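Colleague: Please see the structure below; I have some questions.
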Amino acid sequence: MPKLHTPLCDLLGTRLPIIQAPMAGGPTTPALVAAASKAGALGSFGFAYTQPEAMQRDVEAVRALTDAPINLNFFVNTQPAAVAPEAQSGAINAIAGYYQALGLPVPAPVRAPYAPDLNAQLSMAEDIQPAVVTFHLSDLPAEKLNRLRARGIKAGGSATCVAEALHLEALGVDFIIAQGGEAGGHRGTFQRNPYDAMTGTFALTRLIVRAVKIPVVAAGGIMDGAGIAAVLALGAQGAQLGTAFLPCTESGASAIHKQSLLAAREDTTTVTEKFTGKPARGLVNRFIREMNASNAPQLEFPAQGSLSGPLRTASGKSGNPDFLAMWAGQAAPLSREMSTAQLVVTLEHETLEAIERLVALCR
Ligand SMILES: Cc1cc2nc3c(=O)[nH]c(=O)nc-3n(C[C@H](O)[C@H](O)[C@H](O)COP(=O)(O)O)c2cc1C
């Protein structure tokens, strides 16, 4: 059988040029990451909301199963200063009715810190020494990036436009993740208005490949081998898939999130900032529809995420899709239910088949 291989595989130490996307908030369990890495992809933890001790525990769980390379991913974002009381009450009033609808008490004002300390997370990452660290939502200060790279850790950053890709390349990252507008989850935009940086994966991948000299990994709307072959044809050296891994057996996404993806028939995703305070793409539900339409007040990221957290958790646990953030990319209707290992092997075979089909067009 021919081998699917790009120089990115040598850089990351993986068998395949496929990255199982980091997905913070539950989906990227140790079982998912271990299975993806063992099967030849780069398994990735979305550690944005994870405290250092829990990071260590999760990585140990993976290392008990495989010594294949893994990726630890973090959000780089400035924590807002203490939120003003008027802002708190406006944002609480906007969602109090949803809490009541689930029989939950009206939430109390949220208090900083709204997310784990990035410095503490990064020093734990230095101790863990994974093969790869990627970051999302901004650039990592050069000094922190250099510390990771000095330890032999390869570093990648998300870009949603050419200017961000050039900035990250100049900063010294090893590779760029080109996040197209189709992508599920938070927009990684940090140099533009996120709503003006929604270029699709096809156009963005090609633009960034032409602009930078380092490897580019395409992300957004890639669900099968045909999608992977397409971005390789555009010059990407790899593909990062998030939504495709959500319905996998080992994924920690809630059952209702998985079911909603598998039942999707058309692109019913949209971008909202109402769940966390930052634009992110997910399946449209009652919360998104009503909160977007009324343009209800919200707190800054990530404080809004703290405010909506108990609502989202309770909604997921009770199998109610109305108030859950069901992040998903535009190609969600291509979702398939299988084990993680099966998905990685299927993606590998499909990509080779797609490339062979294209080669057969050459006469
Ligand atoms: C549920 C979910 C959570 C995500 N969380 C993260 C994250 O923590 N860090 C990150 O860099 N990207 C995150 N993303 C974005 C992915 O890295 C990637 O850009 C996206 O999944 C690609 O689009 P696709 O979902 O259509 O494959 C998330 C995506 C989803 C669907």
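Colleague: May I ask you to verify whether T346 is in the same structural domain as G242 (by TED's automatic domain parsing) and not in a loop (DSSP other than H, G, I, E, B)?
Modeller: yes
Conditions (1) touching a strand residue (DSSP E or B) at 6+ places or on another chain (Cβ under 7 Å); (2) within 22 Å of W327 (Cβ to Cβ); (3) touching a residue at least 12 places away in the same chain (Cβ under 8 Å); (4) of a type in the set (V, I, T), marked per residue:
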{"site": "P7", "(1), (2), (3), (4)": "no, no, yes, no"}
{"site": "D10", "(1), (2), (3), (4)": "no, no, no, no"}
{"site": "R15", "(1), (2), (3), (4)": "no, no, yes, no"}
{"site": "I18", "(1), (2), (3), (4)": "yes, yes, yes, yes"}
{"site": "P22", "(1), (2), (3), (4)": "yes, yes, yes, no"}
{"site": "T28", "(1), (2), (3), (4)": "yes, yes, yes, yes"}
{"site": "A36", "(1), (2), (3), (4)": "yes, yes, yes, no"}
{"site": "A39", "(1), (2), (3), (4)": "no, no, yes, no"}
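Colleague: Within segment 182-202, can one find any residue that is over 26 Å from L307 (Cβ atoms) and either in contact with a strand residue (DSSP E or B) (Cβ under 6 Å, 6 or more places away or on another chain) or not assigned by TED's automatic domain parsing to the domain that holds P141 (or both)?
Modeller: There is at least one residue in segment 182-202 that is over 26 Å from L307 (Cβ atoms) and either in contact with a strand residue (DSSP E or B) (Cβ under 6 Å, 6 or more places away or on another chain) or not assigned by TED's automatic domain parsing to the domain that holds P141 (or both).
Colleague: For residues that are surrounded by fewer than 20 Cβ atoms within 10 Å (Cβ to Cβ) and in contact (Cβ under 8 Å) with a residue 40 or more places away in the chain, scanning just segment 307-320, find the one that is farthest from Q88 (Cα to Cα).
Modeller: Top of the filtered list is G319.
Colleague: From the set of residues in segment 1-42 that are within 20 Å of the chain's Cα centre (by Cα) and of a type in the set (S, T, Y), which is nearest to the ligand (Cβ to nearest atom)?
Modeller: Per the stated criteria, the residue is T28.
Colleague: Inside segment 1-28, can you point out the residues that are of a type in the set (S, T, Y) and buried (at least 20 other Cβ atoms within 10 Å of the Cβ)? Write out each step before concluding.
Modeller: Taking segment 1-28 first, the residues of a type in the set (S, T, Y) are 6, 14, 28.
Those that are of a type in the set (S, T, Y) and buried (at least 20 other Cβ atoms within 10 Å of the Cβ): T14, T28.
Colleague: For segment 270-282, state whether one or more residues are in a helix (DSSP H, G or I) and either buried (at least 17 other Cβ atoms within 10 Å of the Cβ) or aliphatic (A, V, I, L, M) (or both).
Modeller: no
Colleague: Going through segment 221-234 one residue at a time, which ones are within 12 Å of the ligand (Cβ to nearest atom) and in a helix (DSSP H, G or I)?
Modeller: Scanning segment 221-234 gives G227, I228, V231.
Colleague: State yes or no: is A91 touching a residue at least 24 places away in the same chain (Cβ under 8 Å) and in the same structural domain as M291 (by TED's automatic domain parsing)?
Modeller: Judged against the criteria, A91 is a match.
Colleague: Shifting gears a bit: In segment 107-124, which residues are free of Cβ contacts under 8 Å to residues at least 40 places away in the same chain, surrounded by 12 or more Cβ atoms within 10 Å (Cβ to Cβ) and either among the aliphatic types (A, V, I, L, M) or under 24 Å from S158 (Cβ atoms) (or both)?
Modeller: D117
Colleague: Right, something else. With respect to the numbered conditions (1) within 11 Å of the ligand (Cβ to nearest atom); (2) within 17 Å of the chain's Cα centre (by Cα); (3) outside any strand (DSSP E or B), which one is the sole condition not fulfilled by A239?
Modeller: Every listed condition holds for A239 apart from (3).
Colleague: Quick one: would you say F45 is in contact (Cβ under 8 Å) with a residue 60 or more places away in the chain and within 16 Å of the ligand (Cβ to nearest atom)?
Modeller: no
Colleague: Let me ask something else. In segment 252-261, which residue that is touching a residue at least 24 places away in the same chain (Cβ under 8 Å) and more than 9 Å from the ligand (Cβ to nearest atom) is surrounded by the fewest Cβ atoms within 10 Å (Cβ to Cβ)? Let's see the steps before the verdict.
Modeller: Filtering segment 252-261 for residues touching a residue at least 24 places away in the same chain (Cβ under 8 Å) gives 252-258, 260-261.
Checking which are more than 9 Å from the ligand (Cβ to nearest atom) leaves us with 252, 254-256, 258, 260-261.
Details: G252: 16, S254: 23, A255: 10, I256: 19, K258: 19, S260: 23, L261: 24.
Among them, the one singled out is A255.
Colleague: Just give me the residues in segment 306-336 being in a loop (DSSP other than H, G, I, E, B) and either touching a strand residue (DSSP E or B) at 6+ places or on another chain (Cβ under 8 Å) or within 16 Å of the ligand (Cβ to nearest atom) (or both), in sequence order.
Modeller: If the condition is that a residue be in a loop (DSSP other than H, G, I, E, B) and either touching a strand residue (DSSP E or B) at 6+ places or on another chain (Cβ under 8 Å) or within 16 Å of the ligand (Cβ to nearest atom) (or both), then L324, A325, M326, A328, G329, Q330, A331, S335, R336 are the ones that fit.
The values are calculated or read from the model by the stated rules, or taken from the named source; none is laboratory data. Being a predicted model, the structure only gives us computed values, none of them experimental. Every residue, glycine as well, gets a Cβ built from its backbone with ideal geometry; the counts of neighbours run over all protein chains shown.
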